[in-house]
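Novice: Here it is, the structure, as structure tokens.
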Amino acid sequence: MSATEAVSQGAGRRLSLTRGSQAALFVLAVVLLCRLLGAQFEWLVKWPAALTVPMADWMTWLVGGFLDVFKPIARTFTFLVSYPMEWVGWLLNAVPWPMTVAAVTAIGWMIGGIRLAALGFLGLMFVVFTGYWSQGMNTLALVAVSVPLALVMGAAIGILAFEYPRMKGAVNALLDIMQTVPTFAYLVPLLVLFGFGPVVGLIASAIYAAPPMARNVLLGLERVDTEIREAAVMSGGTRRQQLFLVELPAATQQIMIGVNQCLMAALSMVIIAAVIGGFDDIGWEVLQTMRKALFGPAFLAGSVVVVFAIIIDRMSAALAEPRQPQNRTVAYGILAVGAAVTIWAVLAGWPPSGVAAMDGLAKRVDEGVGVFTATYGTTLDSIKNTSMFYGLLPLRIGLAEAVLPFTWGFAWTVKHTAMLYGAALLISLILIFKGRVTAAVMVLIIAYIAEIGVAHLAWPVVILGAGAIGWVSGGWKLARLAVILLSLILISGLWERALLSLYLAGAAVFACAVIGGLLGLWSAMSTTAWMVLRPICDFLQTIPLFVFLIPVLMFFQIGEFSAFIAICMYAVVPMIRYTRHGLVSTPDEIIEAATASGAGKWQTMFEVRAPFAAPTILLGLNQTILYAFAMLVIAALIGTTELGQLIFLALGQYDVGLGITAGAAMAILALVADRLVQGFAEERRQALGL
Amino acid sequence: MTDKNSTAPAIAVEDLWQVFGENATSALRDARGAGDDKAIAQTLKDKTLIPAVRAANFEVKSGELFVIMGLSGSGKSTMIRCISRLIEPTAGSVRIDGEDILQASDKRLIDLRRHKLGMVFQHFGLFPHMTVADNVAFPLKMQGAGKAERRARALEVLQMVGLEGREDTYPRNLSGGQRQRVGIARSLAVNPDIWFLDEPFSALDPLIRRQLQDEFLNIQATLKKSIVFITHDIQEALKLADRIAIMRDGEIVQIGTPEEIVLHPVDDYVAEFSKDVPKGRHACVESILMDGIPDNMPDDPGIKIGMTLDTALTKCMELYEPVPVRNAEGNVIGAVHPHELANALQAEET
């Protein structure tokens, strides 16, 4: 990257440039090079096929050999785990539902009194009436076995990382990988290892659910007050006594948060794992009905998933908070009523697999959607088409290709290109005149992206651009990391797919940043707004990824736009939350100082709160990016052409190498984006002295 | 105060260093060549290491209440953690009843802590998941004491600190003062010989603080522990201490009785501490005795050994000639010049 130095030194002599503008100028130079010479030297734009490395094949060979070694062990494990799973499944199915409902209601009562008892009762009764009782119980059986696995694994990792600080770095990296590699990608090797069937889903969900537990155990242990720790030492406890009698119990609250996240992750993954396991569970039901375009049943089955998610989430979250002890007699009473109803139900011959009283509802939803799409079809189509033709498509393939007489009413010509760059140059000159060099250079780069589109960006621009951003946000180390990781994707031959992923995730993140940022700002200014938005955010964060696809499909059918909407719905939440949180958590003293200086409400917001909230908002953006990438893979189910689709392909073909390579490429994109934004957040935090 | 010279020191600290940073031990070894302690510390600082405790030397006699005082960041908390070996000192030795605890094995250390050492923390360090009684009984549990025995002893100590009846509440339901009483009770549960207190009253309201200080003195009067007490409050130090060590930048700048600290500060830093202290209330007449006893003393206002300067001055307001100082039996053992009395008190005004 000696070019940067050349540019920065060359420019630095005359006017002192900030780090940001140096990087921007460097990227602009790369852009100019690629744009002007791209026609003569094709390799500048498109990485030559001759230089790609058959990474996927190597992976197949490497991992395949590795997997063969461990296959017998894994298969034994499958065999062993299938027993408890079957037992739990049998038990949950054998117990008559009035008894189960009563048990959950009683547990709800013990944990959170009347509120959670009511939630448990109404929720499970809903499941009973949908007629999906036995599917639901099969899903719960999977969760019931995978969660203890994940908890033990997670706690062990967390304690290990805490006890041996030297391993902390390695453990954190491992957890990052476990969470950023798209879940479907490691389903492929797991399939090979553990064979087909529900056990794979179980193990995948345990792997997916362990990291949040590990992180929270580690965090909880680290946050135990030093004096409490020292008090245990001075009491003469051995290391093991300190850990198990004092430190872990003192960290209970944080650990319970981990348990809650672990449960939710396991449930989410168990549902997704239906894609590989032909098993009679609720995820399978959702997938089947969705594939057959039976929106009513899909909607009902999806609601069952949501109900499970909400019950599990609220109950386990209540465990993390201090609570009042409840009257046990009430719980016994509820169980007694349950037993009585059970006997009566058996005598009356109620079906054990739930009362399918809502089939009518499913039909009505189906018809309703039918009528709705028939009536408002043109409106829906026009929303979809407008966004596609004027937003997503130009972003993907650039104005030069997206502007057609058919959509925009005119054809793009050289004249328009000249106009675009002319306008960009004008704005840029004005900005330079105002002394905002970085912004000026950025305008020119954006014009380039608008002209040719994200999917057609020349590879040096992307890689060196990411490197330059890394240099600004985190110095040479981060720049090097970004360049090396992205180059790996380039030479693996997955570059074009990766750019498509980048485009779709980028578009969604941008939309989320704008919408989420505004909603966050609004909730920070108005308590009423937050009262409305908060339950919506809670709801959106509770429901498993998979379920987002159902309503989108109902209204927009399959396609890129539906994927985009689904990603936005899921990824917008952290942006709203963090923006609001950052804006409202400015220290009171600072607000008072601003008020005392005579600042108005909006002045305080933009002059004081916003700068103070910047690191938090950046963290929100970071979360949004990770959420978007996580959803990207799921969204591939409803028709995208990027890396996510490759992963599905690999899954279908049992292709370990392709699955891992595509998964790794996706993880690299997410990881690089994550580190770049975190770098900026860290820089802001330090600037604010936090 | 001084009649315990005969017994061996409870704690003896010799050339104790605590350096924070990478490769501190070897860096300190290399820096030893630099000359005196100040030069060594400077050499370490140049290597971006932090010498938090420098060449500390002192002894705590058996039954003595030894206060370490300094501003925040002066290394006093680090010091007490070195002595209790909550952190590993970089160099030096700490002897507790003659045994070098820096050489003690982990097993021996656990044993010492279970039986001999007790510690009270600034922010109490109570276990949030245990009741008050369980907190207090925790060190006994570590000893392996039975449930009934633990409970009985916990109630006993809780009574000593005036918390009877609160044994089954949780720390979160107690006020700050009550919490620290639990902390004190816990540290006394195993009846330790050595008692470490790390700014025990600093997090409390002034009123509660004074109350707890008085109770603490009462407890000490009956238990006679050897105590290392950390504080940043000069008034507290003067009120409680048999002897005070004053720390600055990791260095002990002066060790002395409260009087010595107030009347003869070694430098401006120490003087600054005692600036606002009403000296008359802390210093006694023996600190300003004349060299000899004049033959002719016309007045005898009845000055006695152990009388504070304030009291003495009120007795000889109108006098200009030296007056005799008598001991408890009434024998003249020295003389004081009223002029000196006034001078000693005026020193603080400037």
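Novice: A:G493: net charge of surrounding residues, Cβ under 15 Å, Lys/Arg +1, Asp/Glu -1, itself excluded?
Specialist: -2
Novice: Nearest 5 percent is fine: what portion of the DSSP beta bridges confined to the protein assembly as shown is antiparallel?
Specialist: Antiparallel bridges: around 55 percent, rounded to the nearest 5.
Novice: Residues of A:223-230, mean number of Cβ from any other protein chain within 10 Å of their own Cβ, rounded to a whole number?
Specialist: 5
Novice: Enter the mean number of other protein chain beta carbons within 10 Å of the beta carbon of each residue in A:152-159, as an integer.
Specialist: 0
Novice: While we're on this one: Read phi for every residue in the range A:678-687 and hand back ³J(HN,Hα) as whole Hz from Karplus 6.51 cos²θ - 1.76 cosθ + 1.60, θ = phi - 60°, with x for Gly and Pro.
Specialist: Values per residue, Gly and Pro as x: 4, x, 5, 4, 4, 4, 5, 4, 5, 4 Hz.
Novice: What shape does the range A:250-347 take by its C-alpha gyration tensor, where a ≥ b ≥ c are the square roots of the eigenvalues and a/c under 1.5 counts as rounded, a/b above b/c as prolate, and the rest as oblate?
Specialist: Values: a/c = 2.97, a/b = 1.28, b/c = 2.32.
Note, shape of the range A:250-347 comes out oblate.
Novice: Averaged across B:120-133, how many Cβ atoms of other chains sit within 10 Å of each residue's Cβ atom?
Specialist: Rounded to a whole number, the mean comes out at 5.
Novice: In whole Hz, with x marking every Gly and Pro, tabulate ³J(HN,Hα) for the range A:318-326 from phi via Karplus 6.51 cos²θ - 1.76 cosθ + 1.60, θ = phi - 60°.
Specialist: Taking θ as phi minus 60°, the curve returns 5, 5, 7, 9, x, 9, 7, x, 9 Hz for the range A:318-326.
Novice: Counting helices only, and only those DSSP H runs with n ≥ 4, report the 222 nm mean residue ellipticity of chain B as the sum of -39,500 (n - 2.57) divided by its residues, in deg cm²/dmol to the nearest 500.
Specialist: Numbers: 14 runs with 133 residues, N = 350.
Rounded to the nearest 500, the figure is -11000 deg cm²/dmol.
Novice: Let me understand the range A:494-690 better: what is its radius of gyration from the alpha carbons, and its Dmax, in angstrom?
Specialist: So, for the range A:494-690, Rg and Dmax equal 19.1, 67 Å respectively.
Novice: Please give the calculated 222 nm ellipticity per residue for chain A, where each DSSP H segment of at least 4 residues contributes -39500 (n - 2.57) and the sum is spread over every residue; nearest 500 deg cm²/dmol?
Specialist: -27000 deg cm²/dmol
Novice: Let me ask something additional. Order these peptides, B:33-41, A:626-634, B:309-317, by their mean beta-carbon neighbour count within 10 angstrom, highest first.
Specialist: Details: B:33-41: 14.6, A:626-634: 25.6, B:309-317: 17.8.
Result, highest mean Cβ count within 10 Å first: A:626-634, B:309-317, B:33-41.
Novice: Right, next: Distance check, please: which entries in B:K45/B:K76; B:K107/B:K147; B:K45/B:K279 exceed 28 angstrom between their Cα atoms?
Specialist: Result: B:K45/B:K279 exceed 28 Å.
Novice: In what sequence, highest mean first, do A:207-216, A:241-250 appear when ranked by Cβ atoms within 10 angstrom?
Specialist: A:207-216, A:241-250
Novice: Could you tell me the extents of the protein assembly as shown's C-alpha atoms along the three principal axes, largest first, rounded to whole Å?
Specialist: 124, 91, 62
Novice: Under 1.5 on a/c is rounded, so check that first for chain B, then, if it is not, pick prolate when a/b is larger than b/c and oblate when it is not; a ≥ b ≥ c are the square roots of the alpha carbon gyration tensor eigenvalues.
Specialist: Since a/c reaches 1.5 but b/c is at least a/b, the shape of chain B is classed as oblate.
Novice: Using just the Cα positions, wrap the range A:639-678 in a convex hull and report its mean projected area in square nanometres, one decimal place.
Specialist: The Cα convex hull of the range A:639-678, projected and averaged over all directions, gives 3.0 nm².
Novice: I'd like the orientation of helix A:133-163 relative to chain A: the angle between its Cα long axis and the longest Cα principal axis, in ° from 0 to 90, rounded to 10.
Specialist: Once rounded, the angle reads 60 degrees.
Novice: Compactness ratio of the range B:146-192: Cα Rg over 2.2 N^0.38 Å, N = residue count?
Specialist: 1.08
Novice: Straight-line reach from A:K601: which aspartates and glutamates have Cα under 15 Å away, leaving out those fewer than 8 places along the same chain?
Specialist: A:D588, A:E592
Novice: May I pose another question? Sum up the charges of everything whose Cβ sits under 13 Å from the Cβ of A:F162, counting Lys and Arg as +1 and Asp and Glu as -1, but leave A:F162 out.
Specialist: Details: positive: A:R166, A:K168, A:R215, A:R223, A:R229, A:R239; negative: A:E163, A:E222, A:E247.
Surrounding charge for A:F162 is +3.
Novice: Among B:M307, B:L86, B:N57, whose Cα sits farthest toward the positive end of the charge dipole of chain B (+1 at Cβ of Lys/Arg, -1 at Cβ of Asp/Glu, about the Cα centre)?
Specialist: It is B:L86, whose Cα lies furthest towards the positive end.
Novice: Where a ≥ b ≥ c are the square roots of the eigenvalues of the C-alpha gyration tensor, would you call the range A:309-391 rounded, which needs a/c under 1.5, or, failing that, prolate if a/b is larger than b/c, or oblate?
Specialist: Verdict is oblate for the range A:309-391.
Every number here is computed from the coordinates shown, using simple stated rules; none is lab data. Values in this document were obtained by computation on a predicted structure and should not be read as measured data. Because the Cβ atoms are built from the backbone with ideal geometry, glycine has one as well, and the counts that use them run over all protein chains shown.
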